[in-house]
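Data first, discussion second: the structure below is written as structure tokens.
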Amino acid sequence: MENKISELELNEFIKIVTEISGIDLNEKRNILMLKLPNFISKLHFQNFAEFVNKIRLNKQLRQEVLDFVTIGETYFLRELSQLQDIVVYAKSLEKKVGILSAPCSSGEEVYSLALLGAKNCFKDMYILGIDINSNAIEKARMGKYQGRTLQRLSESEKKKFFVEENGVFSINKNEICVCKFDMCNVLEDKFLKLGQFDIVISRNMIIYFDYNSRVKLMEYFYRVLSNKGRLYVGNADIIPETKFFKKVFSGGSSYYEKM
Ligand SMILES: C[S@@+](CC[C@H](N)C(=O)[O-])C[C@H]1O[C@@H](n2cnc3c(N)ncnc32)[C@H](O)[C@@H]1O
């Protein structure tokens with residue numbers, strides 16, 4: 001494989017990734033120009049054509065591509081006030097509450113909610129985290145963290161909700177509600193079979209999607225939410241005009257209610 005790809009080849013790659021995942025990589029063109037040839041060579045393809053032809057057909061290759069292009073930046077207690085609002089709302093429902101975190105990346109969002117729930121004496125929740133990136137889901141399932149991702153947690157939160165060994169903090173599952181993780185693409189049929197949820201949280205993914213995928217995603221979220229269910233998106237996520245949800249302002253924040 002040559003150490004370069006052409007603009008046309010890059011366009012083709014970006015188009016395939018958008019088709020599969022919704023992610024629009026156009027803003028990452030420069031970095032992809034540099035990194036993609038190396039990625040393709042490592043997979044032992046002789047040329048670009050051979051590589052792209054296989055992406056659609058070969059499940060394993062498709063996953064490797066998705067793991068390569070997805071950005072999983074996340075950390076504990078990110079956009080904290082929204083997480084607190086969600087927990088207060090969940091508790092007010094006075095029943096077992098189903099929450100879907102889509103996407104959850106390496107699990108910090110899910111465990112943050114669980115931890116805030118426990119601090120509010122509310123563990124009657126079931127939180128499912130899903131993500132398209134296989135490495136992220138593996139890490140979420142392990143629940144072991146170290147370094148910067150933990151920096152917003154207080155010492156007492158770390159002490160109560162983690163077991164520490166040599167600087168590695170393992171989430172203490174006895175202290176929190178049930179948290180599960182599954183590898184899943186929000187734009188595939190499998191997503192619609194995950195069940196019905198009272199709350200869907202989708203933060204810092206929609207921002208990377210192209211317009212058509214955002215539109216499709218709104219319908220998919222509508223379908224997995226129960227009656228009057230709520231959708232919470234991140235501060236930077238822009239959702240398209242939709243007949244499926246109405247925006248509700250509450251205090252300083254907002255959410256989308258299923259219509
Ligand atoms: C920046 S992280 C956000 C994680 C977390 N929600 C947060 O706000 O900290 C974005 C995640 O979206 C995931 N993602 C991108 N496209 C996806 C898709 N089609 N289906 C499921 N997850 C996807 C990526 O793998 C990545 O882990």
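The values are calculated or read from the model by the stated rules, or taken from the named source; none is laboratory data. Since this is a predicted model, take the numbers as computed values, not measurements. Reconstructed Cβ throughout: ideal geometry from the backbone, glycine too, with neighbour counts over all protein chains shown. For accessibility, only protein heavy atoms count, side chains too; no ligands or nucleic acids. Shrake-Rupley method; radii C 1.70, N 1.55, O 1.52, S 1.80 Å.
Assorted remarks:
- Selection within segment 171-216: residues that are assigned to a helix (DSSP H, G or I) and within 21 Å of Ala140 (Cβ to Cβ). The member of this set that is farthest from the ligand (Cβ to nearest atom) is Asn174.
- Residue among Gln84, Gln46 that alone is at negative phi, exposed (fewer than 12 other Cβ atoms within 10 Å of the Cβ) and either touching a residue at least 24 places away in the same chain (Cβ under 8 Å) or of a type in the set (Val, Ile, Thr) (or both): Gln46
- A count restricted to segment 44-85 and to residues that are more than 16 Å from the ligand (Cβ to nearest atom) and assigned to a loop (DSSP other than H, G, I, E, B) stands at 5.
- Being within 16 Å of the ligand (Cβ to nearest atom), under 29 Å from Tyr220 (Cα atoms), in a helix (DSSP H, G or I) and in contact with a strand residue (DSSP E or B) (Cβ under 8 Å, 6 or more places away or on another chain) is a condition met by no residue of segment 23-43.
- Subset of segment 136-152 [touching a residue at least 40 places away in the same chain (Cβ under 8 Å), outside any helix (DSSP H, G or I), closer than 13 Å to Phe169 by Cα and not aromatic (Phe, Trp, Tyr)]: Gln151
- From the list Glu165, Glu138, the lone residue that is closer than 30 Å to Glu19 by Cβ, out of contact with any strand residue (DSSP E or B) (no Cβ under 7 Å at 6 or more places or on another chain) and either open to solvent by 20 Å² or more (accessible area, probe 1.4 Å) or more than 13 Å from the ligand (Cβ to nearest atom) (or both) is Glu138.
- Looking across Leu77, Leu34, Leu10, Leu61, one residue alone is surrounded by 15 or more Cβ atoms within 10 Å (Cβ to Cβ) and without any contact (Cβ under 8 Å) to a residue 24 or more places away in the chain. It is Leu61.
- Close pairs (7 angstrom Cβ cut-off, 6 or more residues apart or separate chains): open to solvent by 10 Å² or more (accessible area, probe 1.4 Å) and of a type in the set (Ser, Thr, Tyr) in segment 98-113, within 11 Å of the ligand (Cβ to nearest atom) and in a helix (DSSP H, G or I) anywhere: Ser105/Ala136; Ser106/Ala136; Ser106/Lys139; Ser106/Ala140
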